[in-house]
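K.L.:
Take a look at this one; I'll ask things after.
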Amino acid sequence: MSQFPFAAIVGADDMALALVLTTVSPEVGGVLVRGEKGTAKSTMVRALAEVLPDVEVVERCRFGCDPRRDERCPDGPHDDAPTRMRPARLVELPVGATEDRVVGSLDLGKALAAGETSFEPGLLAQAHRGLLYVDEVNLLHDHLVDLLLDAAAMGRNTVERDGVSVSHAARVTLVGTMNPEEGELRPQLLDRFGLTVEVRASRDPQHRAEVVRRRLAFDADPIAFTDRFRPEQQKLRSRLHDASARVASVRLGDRALATIARVCAGFDVDGMRADIVTARAARAHAAWCGRDEVTKDDIRVAARLALPHRRRRNPFDAPGLDEELLDRLLDEDPDPDGPEPDGPDDPEPDGPQPDESGDESADESGDESSESGDAGDGGSPGKPADDRSTTPSASGPAGDNSDNRADSPAGDDASDNAAPTERPSAVGVAAPNSAFRARTFTVHGIGTGSAGRRSAAITSAGRTIGSTRRADGAQRLHLPATITAAAPRQHERGRRDGRLRFATDDVRLRITQGKESNLVLFAVDASGSMGARQRMSEVKTAVMSLLVDAYQRRDRVGVISFAGAGANLVLPPTGSVEAAARCLSDLPHGGRTPLAEGLLRTLATVQVERLRDPHRRPLVVVLTDGRATAGPDALVRAREIATAWPTLGLQTVVVDCESGRFRMGLAVDLAARMGAEYVPLERVAATEIVDMVRRSTGAGKAA
């Protein structure tokens, strides 16, 4: 099957450049591509593999060793071993991959049949000296993302377990793509990616038309379309090869290093990884442009790709970079008369060049002024600079890539669950205050949901609590239990001495208990009684704090608002707490209190989500003062639903939002009827619990 040519992809210049730089210098640490569905993220990554230069490998080596360097290979030594050329590989890592599949594991067949301790290489070994692509990397378990990033940074994979001790080279170009609507990566993991880019579809009709035109041409005749771009593909392949060979000799002078340090300090990024990555990316860009020394333009391009995701302090911070501040920091040259001149005096390299006169800020805005090109970005890889005036800067072809799914969870939820209801007559929109550290609520019992950090569950990683014969593809071998099962049967199998004799039914696999993520549904009372008591801002602050907790624990979250005459699913369950935060900030309040309708809408949402993901257990958080004033017999209907609630098996928390000296205690009664945990609003914060303990024990009092 033909692959859409990399040189034919329209626009997405930042993504193309980031992929090129980490290919030229894998030490940059990989690329994270964030963007909405249908923006050719997967198409571009797969197309890149087609233009990577071929690699020379040792014949019959399972690890793809380079014969020209000492790889310390488990299959070595490779002295005078025959070699061959092969294309660089693109290895795709599925979201459901286990740790054993990624890093490699004990060869179970040889261990049981022959008693040999043999290592079976994993995906990191297959991707050595090639591309390792993780689509929807934000849905991958955190410990696997950590493991991949460690290998990409160190260039080596080490496995020490199950009687196996193996270390092999794993110089991979790691590329992860994600749709932020499905949830974010934790800031600690974001920082581990060398570069990041945001991809958006152009709103320019001409650009969009060109995307469709090329995609239809490719679908109609893939061979002819590929032949049309073959010269540019070959030119791009040669340029990548030359840049990779040149990058080690590119000079990064003291003046350039001082500029990088000034830029990173000026943007107040944490740690030193930003400085190191920016330096590596700047050298790679200089090599890509054919220069022998890093210039100010190289640093500018590198900073635009290396710094935005490192400035985020919490999940609600918008990614991005203040380019005016970047320009000011770059222009603050401490020694303008010193050596190491840069800029216009640099020699012009051969081959396709960027338009150095371009206005980068114009390209960021998505206007047609982007025809002049990004300043110093080397142009769209594979296309000459003089061709950029006729090349739209739209998003890439929206073809058969995995980002353009018709069954997007957010889309389904919006159509299935968010039925129109009467919108409350808003008397105001209260803004939340700064979030605080919230107390942790969990679902009781042991679940089997997706790995996370909230409730106890049987997961693929965690503490070993037993063994089983059943294999579901997620468990690892429980060696002691396997030996124990085989030992009593050695005599009947004819063993007198030597190795143990195993049979298939001796195999035992580990049962591990860890933590799962949950579905956290917030049912928020947005009626007038909440606003009249000036509580809505406090309620939103509490929900925002609980959202931060849900983000850290890898949950999916949904928001139901009830006010006026009905209830509405204002945010269908999603992994994006950013979307939840935006929804919460804009949530109006006013009108009567339809408590019964709010509970029924919550129950209907839970039922739909149970059909979609039966293993993800729900946690319902109801924030209300307990009043019910909308419709006939409002309080009676609400109490009837609450009384039947315990039979539903839903873990529920009622947060009491009532205030004032004289309280009716309706939320206390509601929690009791629902069999829910009762928490006053002021005790949602974790520090309140600590203070309560200190007061009850007398700790912390002045001596």
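The values are calculated or read from the model by the stated rules, or taken from the named source; none is laboratory data. What you are looking at is a predicted structure, and each value in this text was computed from that prediction instead of being measured. Ideal geometry is used to build each Cβ from the backbone, glycine not excepted, and the neighbour counts take in all protein chains shown. Each accessible area value is taken on the protein alone, full model and side chains, heavy atoms only, with ligands, DNA and RNA left out. Shrake-Rupley method; radii C 1.70, N 1.55, O 1.52, S 1.80 Å.
K.L.:
I'd like the full set of residues that are part of a strand (DSSP E or B) and either over 19 Å from the mean Cα position of the chain (by Cα) or of a type in the set (Lys, Arg) (or both), limited to region 23-62.
P.N.:
Of everything in region 23-62, those that are part of a strand (DSSP E or B) and either over 19 Å from the mean Cα position of the chain (by Cα) or of a type in the set (Lys, Arg) (or both) turn out to be ARG34, VAL55, GLU56, VAL57, VAL58.
K.L.:
Next question, about the same structure. Residue check: is LEU325 assigned to a loop (DSSP other than H, G, I, E, B), at pLDDT below 95, at negative phi and open to solvent by 10 Å² or more (accessible area, probe 1.4 Å)?
P.N.:
The answer is no for LEU325.
K.L.:
Taking region 1-23 as the region of interest, how many residues are modelled with pLDDT of 90 or more and either of a type outside the set (A, V, I, L, M, F, W, C) or closer than 12 Å to GLY194 by Cβ (or both)?
P.N.:
So the answer is 7.
K.L.:
Taking the criterion of being open to solvent by less than 30 Å² (accessible area, probe 1.4 Å), in contact with an Asp or Glu (Cβ under 8 Å, 6 or more places away or on another chain) and modelled with pLDDT under 80, would at least one residue in region 420-437 satisfy it?
P.N.:
Residues of region 420-437 open to solvent by less than 30 Å² (accessible area, probe 1.4 Å): 424, 428, 430.
Adding the requirement that they be in contact with an Asp or Glu (Cβ under 8 Å, 6 or more places away or on another chain) leaves none.
Taking every residue of region 420-437 in turn, none turns out to be open to solvent by less than 30 Å² (accessible area, probe 1.4 Å), in contact with an Asp or Glu (Cβ under 8 Å, 6 or more places away or on another chain) and modelled with pLDDT under 80.
K.L.:
Okay, moving on. Filter region 154-163 for residues that are surrounded by fewer than 18 Cβ atoms within 10 Å (Cβ to Cβ) and not polar (S, T, N, Q); which is farthest from GLY38 (Cα to Cα)?
P.N.:
GLY163
K.L.:
Let me ask something else about it. Tell me, please, whether a residue that is modelled with pLDDT of 90 or more, at positive phi and loosely packed, with under 13 Cβ neighbours inside 10 Å can be found in region 633-645.
P.N.:
Yes, there is a match, as at least one residue in region 633-645 is modelled with pLDDT of 90 or more, at positive phi and loosely packed, with under 13 Cβ neighbours inside 10 Å.
K.L.:
Something else about it: When you check HIS168 against the structure, is it surrounded by 14 or more Cβ atoms within 10 Å (Cβ to Cβ) and either part of a strand (DSSP E or B) or modelled with pLDDT under 85 (or both), yes or no?
P.N.:
Criteria met by HIS168.
K.L.:
Also, I was wondering about something else. Hey, could you check region 217-232 for residues that are in contact with a helix residue (DSSP H, G or I) (Cβ under 7 Å, 6 or more places away or on another chain) and open to solvent by 30 Å² or more (accessible area, probe 1.4 Å) and say which is farthest from GLU181 (Cα to Cα)?
P.N.:
GLU232
K.L.:
Conditions first: (1) open to solvent by 10 Å² or more (accessible area, probe 1.4 Å); (2) over 25 Å from VAL269 (Cα atoms); (3) touching a Gly at 6+ places or on another chain (Cβ under 8 Å). ARG214 passes all but one, so which condition is the exception?
P.N.:
The number of the failed condition is (3).
K.L.:
With the condition kept exactly as written, say whether any residue in region 608-615 is in contact (Cβ under 8 Å) with a residue 12 or more places away in the chain and touching a strand residue (DSSP E or B) at 6+ places or on another chain (Cβ under 6 Å).
P.N.:
yes
K.L.:
Only one of (1) surrounded by fewer than 24 Cβ atoms within 10 Å (Cβ to Cβ); (2) over 30 Å from SER450 (Cα atoms); (3) modelled with pLDDT of 90 or more fails for ARG661. Which number is that?
P.N.:
So ARG661 meets the others, but not (3).
K.L.:
Further question: Could you please let me know if LEU305 is at pLDDT 60 or above, aliphatic (A, V, I, L, M), open to solvent by 20 Å² or more (accessible area, probe 1.4 Å) and part of a helix (DSSP H, G or I)?
P.N.:
Working: at pLDDT 60 or above: yes; aliphatic (A, V, I, L, M): yes; open to solvent by 20 Å² or more (accessible area, probe 1.4 Å): no; part of a helix (DSSP H, G or I): yes.
No: the conditions fail for LEU305.
K.L.:
A further question on this structure: Tally time: how many residues in region 283-296 are of a type in the set (D, E, K, R) and either farther than 17 Å from ALA258 by Cβ or out of contact with any Leu (no Cβ under 9 Å at 6 or more places or on another chain) (or both)? Spell out the reasoning first.
P.N.:
To start, the set of residues in region 283-296 that are of a type in the set (D, E, K, R) comprises 283, 291-293, 296.
After this cut, where a residue has to be either farther than 17 Å from ALA258 by Cβ or out of contact with any Leu (no Cβ under 9 Å at 6 or more places or on another chain) (or both) as well, the list is 291-292.
Selection size over region 283-296: 2.
K.L.:
Here is a follow-up. Take ARG200 and tell me if it is crowded, with 20+ Cβ neighbours inside 10 Å, of a type in the set (Lys, Arg) and touching a residue at least 12 places away in the same chain (Cβ under 8 Å).
P.N.:
Answer is no for this residue.
K.L.:
Hey, another quick one. Select from region 537-573 the residues that are among the polar types (S, T, N, Q) and modelled with pLDDT of 85 or more and list them in ascending order.
P.N.:
Residues satisfying the conditions are SER561, ASN568.
K.L.:
Related question: Got a sec? Which of GLY290, GLY266 is in contact with a helix residue (DSSP H, G or I) (Cβ under 7 Å, 6 or more places away or on another chain) and either over 30 Å from ALA435 (Cα atoms) or open to solvent by 20 Å² or more (accessible area, probe 1.4 Å) (or both)? Break it down stepwise before answering.
P.N.:
Working: GLY290 fails: in contact with a helix residue (DSSP H, G or I) (Cβ under 7 Å, 6 or more places away or on another chain).
Just a single option satisfies the conditions, and that option is GLY266.
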